[in-house]
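Have a look at the structure below before the remarks.
The values are calculated or read from the model by the stated rules, or taken from the named source; none is laboratory data. Since this is a predicted model, take the numbers as computed values, not measurements. A quick note on method: Cβ atoms are made from the backbone with ideal geometry, for glycine too, and the neighbour counts reach across all protein chains shown. Keep in mind that these areas ignore ligands, DNA and RNA; they rest on the heavy atoms of the full protein, side chains included. Shrake-Rupley method; radii C 1.70, N 1.55, O 1.52, S 1.80 Å.
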Amino acid sequence: MATLAERLADYIRACFSGIWIETHEQADCLAEIAALCRHEHWPLASWDLERGLQSAGQIDAPANDPLTAIRAAAGLAAPEGAALLVLHNFHRFLQSLEIVQAMIHQLQAGKQSRVCLVVLAPVVAIPVELEKLFVVLEHALPAREQLAEIARSIATEAQELPTGDQFDRVLDAASGLTRLEAESAFALSLVRQGRIEPAALWELKAQLLKKSGLLRLYRGEETFADLGGLEAVKEFCTRALRPGRNPRVRPRGVLLLSPPGCGKSLLCKALGQEVGRPTLLLDIGALMGSLVGQTEQNIRQALRLADAMQPCVLFCDELDKGLAGAANSGPTDSGVATRLFGTLLTYLSDHESDVFFVATANSIARLPAEFTRAERFDAIYFLDLPGAAQRRAIWQLHLNKFGLDPSQPRPIDADWTGAEIHSCCRLAALLDVPLVDAAHRIVPVARTAAESIQELRRWASGRCLDAQAGGIYQA
């Protein structure tokens with residue numbers, strides 16, 4: 001992939017007079033631009049609200065006057081080659097019609113004089129009058145090689161820098177951070193642990209996700225040992241995410257379909273801990289915004305954040321409920337749910353990042369048909385009510401968890417889910433009663449939702465994989 005300087009040089013040589021660079025690291029971005037201008041012998045000036053207009057030619061402009069800075073751009077024109085005026089955070093001033101009009105005149109004149117206006121801003125907020133006059137570039141976050149250089153520059157002693165697989169885990173944890181954030185996190189890790197470790201990096205990432213409000217980093221301690229049964233789906237996920245797999249093939253994810261209480265959510269939460277990846281929680285409902293276009297912007301930003309956090313597990317619980325209105329959203333919400341669904345479908349098919357998307361659903365009827373086609377997910381698993389062997393394993397787990405006597409009689413548990421076994425053990429410990437007495441307070445979902453479970457089994461038969469036995473599920 002071409003560097004920012006290479007892409008910028010191509011546009012400038014092609015006489016683009018307006019370039020908008022989306023960046024959160026304006027100092028590093030300006031340094032790359034300055035290096036390019038020195039190499040090409042192009043005049044360079046920069047303006048920000050605090051320091052005003054600065055250049056080698058000492059062009060004078062009031063520090064707080066953006067309009068004068070734009071008008072001064074014409075004075076940068078060189079007899080040969082191009083000239084650049086870099087404007088920091090200029091999106092804050094584009095609500096003024098006078099400034100917008102001055103930029104239009106300068107951008108049009110810049111085609112002939114080869115003076116380019118370069119806006120550095122953390123967002124792309126171009127007024128409609130300027131949309132056709134600007135091209136948008138993205139200042140990429142640091143790659144692994146650059147993150148490794150930053151880590152080596154922070155660690156002054158050999159013992160402070162991990163090696164081998166541990167260093168790879170540090171770089172995985174640093175992926176998605178800016179250069180300054182990575183440098184600060186490495187320094188924090190040295191202060192706390194005396195060496196660079198992933199923990200401080202994930203702490204900083206959790207803060208970034210919390211500030212966005214779109215994703216949440218799950219920090220539970222569950223593993224597959226806390227989950228009875230489901231051996232086939234466990235084996236598939238751990239094999240798909242194993243270290244050293246073919247680097248040319250990226251796993252996409254799995255869709256888990258089952259009645260409530262069969263362990264879908266617990267499996268997803270345990271997966272990240274099992275394979276050594278962070279688990280990000282995506283709540284479709286939290287993406288809905290009250291302003292026009294806000295929902296669509298939120299889903300795109302959430303998926304960009306997930307890509308920045310790679311390698312990771314992206315967990316979307318109760319997806320069928322979040323997308324329930326996609327089929328007929330036009331009359332009810334002006335098509336917002338449909339557009340959100342379309343963005344998610346495109347991401348599932350096309351994303352190249354190392355993000356393993358895991359979704360759960362209780363009803364296939366609420367999911368649009370195109371959601372389950374091949375190459376959206378690596379596999380669609382059906383988690384049926386646990387069989388006798390699974391129930392025995394689940395009883396043992398929860399009896400140990402709540403400190404109950406494993407030799408006491410157990411209630412008749414045919415068609416019980418794992419959640420109901422957990423509830424029975426919890427109530428027995430809470431009320432200090434035998435398991436058989438606690439069972440009188442539980443009505444299994446197989447009884448309360450018998451018709452919907454049978455319908456779900458009929459649909460899954462021949463269409464889904466069996467989460468316990470493997471192969472095609474047969475009702």
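Here are a few things to note about the model shown:
- The chain, accessible area per residue, ligands and nucleic acids excluded (1.4 Å, Å²): 49
- Positive end of the dipole of segment 1-95 (Cβ unit charges, origin at the Cα centre): among Ile70, Gln26, His88, the Cα lying farthest that way belongs to Ile70.
- The helix-based estimate of mean residue ellipticity at 222 nm for the chain, built from -39,500 (n - 2.57) per DSSP H run of four or more residues and divided by its residue count, is -13500 deg cm²/dmol to the nearest 500.
- Acute angle (nearest 10 degrees) that the helix 450-460 long axis makes with the longest principal axis of the chain, alpha-carbon atoms: 60
- Globularity index of segment 1-54, i.e. its alpha-carbon radius of gyration over 2.2 N^0.38 Å: 1.16
- Local electrostatic count at Glu451 - Lys and Arg +1, Asp and Glu -1, tallied over other residues with Cβ under 12 Å: +2
- Rg/Rh for segment 60-174, where both radii come from Cα atoms and Rh is the Kirkwood radius: 1.20
- Computed across segment 357-442, the Kirkwood radius stands at 15.1 Å (inverse of mean 1/r, all Cα pairs).
- Annotation for Val433 and Tyr11: the two label points, set 7 Å from Cα along the Cα-Cβ direction, are 7.0 nm apart.
- Projecting the Cα atoms of Ala414, Pro43, Gln207 onto the charge dipole of the chain (Cβ charges, centred on the Cα centre) puts Ala414 farthest toward the positive pole.
- Electrostatic bookkeeping for Arg7 treats Lys and Arg as +1 and Asp and Glu as -1; over the other residues with beta carbon under 12 Å from its beta carbon, the sum is -3.
- Label corresponding to Kirkwood radius over Cα pairs in Å when calculated from the structure given, among (i) 24.1; (ii) 26.1; (iii) 23.4: (ii)
- Taking GluC sites (Glu not before Pro) across segment 88-154, the ones in a DSSP loop with at most 15 further Cβ atoms lying within 10 angstrom of their Cβ are Glu129.
- Square roots of 5 times each gyration tensor eigenvalue, C-alpha, segment 103-143, largest first, Å: 22, 14, 7
- Using alpha-carbon coordinates, inclination of helix 418-431 to the longest axis of the chain, degrees: 70
- Helix 294-308 vs. the chain, principal-axis angle (Cα, 0 to 90°, nearest 10): 90
- Each 10 Å bin from 0 upward holds the following percent of the Cα-Cα pairs of segment 167-209: 34, 60, 5.
- Sorting Lys205, Lys111, Lys211 by solvent-accessible area of protein heavy atoms yields Lys211, Lys111, Lys205, largest first, with a 1.4 Å probe.
- Lysine-lysine proximity count for the chain, Cα under 20 Å, sequence distance 8 or more or distinct chains: 9
- Using the Cβ of Asp283 as centre and a radius below 13 Å, the other residues enclosed give a net charge of 0, where K and R count +1 and D and E count -1.
- Gain in span if fully extended, Thr3 to Phe167, counting 0.36 nm per residue against the direct Cα distance: 56.5 nm
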